[in-house]
Amino acid sequence: AQKITQTQPGMFVQEKEAVTLDCTYDTSDQSYGLFWYKQPSSGEMIFLIYQGSYDEQNATEGRYSLNFQKARKSANLVISASQLGDSAMYFCGGTDKLIFGTGTRLQVFP
Amino acid sequence: DAMVIQNPRYQVTQFGKPVTLSCSQTLNHNVMYWYQQKSSQAPKLLFHYYDKDFNNEADTPDNFQSRRPNTSFCFLDIRSPGLGDAAMYLCATSGDLAKNIQYFGAGTRLSVL
């Protein structure tokens, strides 16, 4: 089974700056996927980005990119040009029944 | 254009009084999931349906049951809610078994008095 670790309980970033949210994983599977969800204070989980273990290129979705380093077993989320609306909880997850990390609370300040 | 709809958004029940939370989807996805999320914690998978096949997580209490009468609907039944069952309950669906990307509803926040 996969294990997902997020070591940053909280992060601050100034508007328009980039921020990296860390995620490491542990799995014995050869084929797996990792993704990130955003959870605003309203509670819904919003899918952001997916990375497959065999994908050769890092995934990119608009301002979100996933810095996938397979040898280090890390799948960090990079948010470029942060906006105030990016303030939320961010969960890293693995495709093994969608196991989540403990989350990182991001706060964007003006 | 909500695709995964949870009703109600807020539910208050009394200690020990059965309660049912509902989830519907317009995505025609095979798989539907129920998660429990307590304050400041990650969502925890309770169980899921692959079509009509029910898959319970090993540590899900017997107090939690689920029904899926058709593709579109899935229900979470809590037979005798305790104070510790107060949480956000999230429903999700998935139609891509390779990637298992899940689409979530807005959740139902359950309070137990």
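The values are calculated or read from the model by the stated rules, or taken from the named source; none is laboratory data. These figures come from a predicted structure and were not determined experimentally. Because the Cβ atoms are built from the backbone with ideal geometry, glycine has one as well, and the counts that use them run over all protein chains shown. Protein only, heavy atoms only, side chains kept; ligands, DNA and RNA dropped before computing areas. Shrake-Rupley method; radii C 1.70, N 1.55, O 1.52, S 1.80 Å.
Sorted by accessible area (1.4 Å probe), largest first, how do B:Asp53, A:Asp86 line up?
B:Asp53, A:Asp86
Quick one: if the Förster radius is 41 Å, what FRET efficiency do A:Ser41 and B:Phe54 give, using the C-beta to C-beta distance and rounding to 0.05?
Efficiency, rounded to the nearest 0.05: 0.80.
Only loop residues by DSSP count here, and only those with at most 15 other Cβ atoms within 10 Å; note down the GluC sites (Glu not before Pro) in region A:35-65 that meet that.
Of the GluC sites (Glu not before Pro), the ones in loops of region A:35-65 whose Cβ has at most 15 other Cβ atoms within 10 Å are A:Glu56.
Quick one: P(r) of chain A from all Cα-Cα pairs, 10 Å bins, percents rounded to integers, in order of increasing distance.
16, 51, 28, 5, 0
Please state, rounded to one decimal and in Å, the Kirkwood hydrodynamic radius that the protein assembly as shown gives when every pair of distinct Cα atoms enters the mean of 1/r.
18.1
Cα-Cα pairs above 23 Å in chain B: how many percent?
22
Are there trypsin sites (Lys or Arg not before Pro) in region B:1-57 that DSSP marks as loop and that have at most 11 other Cβ atoms within 10 Å, and which are they?
Here the trypsin sites (Lys or Arg not before Pro) that fit, given the DSSP loop and packing criteria, are B:Lys52.
Counting only residues 5 or more places away or on other chains, whose amide H sits under 5 Å from the amide H of B:Leu46 once H atoms are built in the peptide plane?
B:Trp34, B:Tyr35, B:Gln36
With the cut-off at 16 Å, report for region B:14-70 the share of all Cα pairs above it, as a whole percent.
Of all Cα-Cα distances in region B:14-70, 52 percent exceed 16 Å.
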